Structures are given as C-alpha cells and as structure tokens.
Amino acid sequence: MMRPARLAVGVVSAGRVGSVLGAALARAGHTVVAASGLSGASLARAERLLPDVPLLPPDETVSRADLVLLALPDDALAGMVRGLVATGSVRAGQIVVHTSGAHGIDVLAPVAEAGALPLALHPVMTFTGREEDLERLAACSIGVTAAADDEAAWHVGEALTVEMGAEPVRIPDSARALYHAALTHGANHLMTLVADCAEALREAGIEQPERLVAPLLSAALDNVLRHGDRALTGPVARGDLGTVRKHLAVLADRAPDVAPAYRALAKRTVARSTAAGLLDTAAAKDLTELLDDPAEGHPDQ
C-alpha cells in the first residue's frame with residue numbers, strides 16, 4: 001500500500017475524535033497546521049493533544065490544509081460542508097475526510113464538486129479525548145468509504161487508516177446506514193443494558209455490582225463473538241417459563257423502567273434460540289405468549 005505524501009492537516013473541530021485523530025496523523029508524520037474549537041473543553045484538549053497548533057475559525061483551518069478532517073456531530077456535518085464550500089475554503093486537490101458513522105460520502109458532494117477528494121473514515125471505538133485513545137486506535141477498525149468507482153480514493157483512505165495505527169474495513173456507501181445502525185445497537189444499547197443491570201442489582205441491595213457482573217458479562221461477550229447463538233444460555237434459552245414469569249413480576253415491581261426492555265430482548269432471545277435449535281417450538285410458543293401478555297408482570301395482577 002502506497003503511503004500518502006506528508007500532508008498539512010486541518011482539524012474541524014478539536015473535539016474528542018478530532019483531537020485524537022489529529023494527534024494520530026501527527027504521530028504518523030503529517031503536520032497539523034490548524035484546528036478549530038470554541039468550547040473550553042476543546043481548547044484544553046487541543047492544547048494537550050495538539051500542542052502549538054493554532055486554533056482558528058473553520059474556514060481558515062480548511063484553507064491552510066491539504067487534508068481536512070471534519071470531526072463533527074452527524075447533524076452538523078452537512079451544514080458545515082456547505083458553508084466551507086461557500087466561503088471558498090475548499091479547493092481542488094484537497095482530501096476532505098469526515099468521521100461520521102451515519103453518513104457516507106454523499107454528504108461531501110459539495111466538496112467533490114469543488115474538486116476535492118471525499119472520504120469517510122469512521123473509527124469503530126468510543127473516545128475519551130485523552131492520550132490513551134491513541135493506543136486504543138491500534139486495536140480498532142476504521143470503516144472506510146470512498147466513491148465506488150475510485151479505487152485510488154479507497155487506497156488513500158486505507159493508507160491513512162493504517163498510518164493512524166488502525167485496521168481499514170471497506171464499507172460501501174449503500175451499506176453505511178445499516179452499518180452504523182448495527183454498531184449503535186451493539187455498543188450504545190449494550191452500555192444502556194449494562195447500566196440497567198447494575199442499577200437493578202443496587203436496588204436489590206448489592207454493593208459494587210460492577211465487580212459482580214464484570215466477569216459474567218466479559219465471558220458472555222467473548223462467548224457470543226466466538227460461538228454465536230450456540231452460546232446462548234439462561235432461562236429463555238432453556239424454556240424456563242416459571243423463571244421468566246417471576247422476572248416479569250419482580251421487574252414490574254422493583255424496576256419498572258427496565259421491564260419493557262427485558263420483554264423485548266427476551267422475545268429476540270426466543271427467536272434466536274429457536275433458530276439455533278436450542279429451544280423447541282412448543283416452548284418458544286409458550287414463552288412468546290407469556291412475553292406478549294401485558295397482564296403478566298403487571299403489579300396489579
């Protein structure tokens with residue numbers, strides 16, 4: 001894979017993602033020539049991760065750069081792109097990269113019309129905005145999206161990813177929405193699920209529930225990644241109707257906010273357990289009827 005030439009990098013903006021990726025590109029030998037950021041947290045983060053880099057307005061940051069890194073919230077990206085093109089900051093020959101998982105390269109159509117090379121590079125990790133993120137990049141993948149018929153652009157995106165220490169994975173533009181929905185469902189909803197679990201354990205009087213569940217959840221994650229649905233265990237996968245009924249009752253009484261999520265995920269577990277051959281159809285029918293019955297687990301029943 002050919003390495004990109006040494007590039008002048010402009011970071012818009014110096015949030016958690018932008019500062020870390022800017023620092024990763026600098027570590028790879030590129031030069032961060034400017035960054036933009038308004039909040040106190042952004043200024044402090046830039047001072048720590050991008051020392052001596054001038055903080056400038058977005059249009060000035062872009063006009064100085066060969067490689068523009070747009071690390072913006074999903075909903076802010078399109079407006080920023082249009083604004084930068086309108087100011088004349090974007091020029092032919094630049095590489096313009098956004099880090100949004102939700103968008104492909106369509107959102108960069110204005111910069112492509114201006115003659116710049118559009119790329120989407122989405123790091124598949126969570127960011128703290130601290131130095132340890134640079135090391136965590138080495139264990140993560142980056143979803144690379146370029147124009148379908150521009151193999152050179154794909155190579156540029158892959159080379160930049162490798163330079164930052166991550167593994168490139170090609171994500172066709174047509175797959176981008178489902179790709180991001182899947183990652184969000186897995187990562188963000190997992191965090192909600194774990195937080196709900198810990199909160200319910202505290203309600204049960206268990207101190208430091210994180211210590212209790214960490215080995216269990218770590219093993220469950222490892223098992224499902226290794227073995228898929230064959231790793232499913234627990235009362236739903238076993239068809240333990242009585243246990244599930246007790247769960248619905250106690251959650252309705254002690255953790256009513258969690259009860260709907262338990263029902264929904266239990267129904268998905270019924271479907272996956274049945275498809276995997278772990279649960280027979282009769283038990284699956286009984287469980288589904290139980291989980292669909294609004295009276296089950298209702299505190300007044």
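Small (Gly, Ala, Ser), in contact (Cβ under 8 Å) with a residue 60 or more places away in the chain and not assigned by the TED database to the domain that holds Met125: is that true of Ala261 in this structure? Yes, satisfied.
Yes or no, residue by residue, for (1) open to solvent by 40 Å² or more (accessible area, probe 1.4 Å); (2) aromatic (Phe, Trp, Tyr); (3) at negative phi:
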residue: Ala147; (1), (2), (3): no, no, yes
residue: Trp154; (1), (2), (3): no, yes, yes
residue: Ala166; (1), (2), (3): no, no, yes
residue: Leu193; (1), (2), (3): yes, no, yes
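The set of residues in the range 261-287 that are open to solvent by less than 60 Å² (accessible area, probe 1.4 Å) and touching a helix residue (DSSP H, G or I) at 6+ places or on another chain (Cβ under 6 Å) comprises Tyr262, Arg263, Ala266, Thr269, Val270, Ser273, Thr274, Ala276, Leu279, Ala284, Leu287.
With respect to Asp74, determine if the residue is under 18 Å from the mean Cα position of the chain (by Cα), farther than 19 Å from His30 by Cβ and open to solvent by 30 Å² or more (accessible area, probe 1.4 Å). So Asp74 passes the test. Pairs only if they're at least six apart or on different chains, beta carbon under 7 angstrom, first in the range 38-57 and more than 21 Å from Ala8 (Cβ to Cβ) and in the same structural domain as Ala14 (by the TED database), second in a loop (DSSP other than H, G, I, E, B) and open to solvent by less than 70 Å² (accessible area, probe 1.4 Å); list them, first residue then second. Every condition considered, the pairs that remain are Leu43/Gly37. You will find that of Ala34, Ala41, Ala5, Ala65, the residue that is out of contact with any His (no Cβ under 7 Å at 6 or more places or on another chain) and either assigned to a helix (DSSP H, G or I) or charged (D, E, K, R) (or both) is Ala41 and no other. Against the test of being part of a helix (DSSP H, G or I), β-branched (Val, Ile, Thr), touching a helix residue (DSSP H, G or I) at 6+ places or on another chain (Cβ under 8 Å) and within 18 Å of Lys285 (Cα to Cα), the options Val236, Val194, Val213 yield a single qualifying residue, Val236.
The values are calculated or read from the model by the stated rules, or taken from the named source; none is laboratory data. On a predicted model such as this, the values are computed, not experimentally measured, just so you know. A quick note on method: Cβ atoms are made from the backbone with ideal geometry, for glycine too, and the neighbour counts reach across all protein chains shown. Note: areas computed on protein heavy atoms with side chains; ligands, DNA, RNA excluded. Shrake-Rupley method; radii C 1.70, N 1.55, O 1.52, S 1.80 Å.
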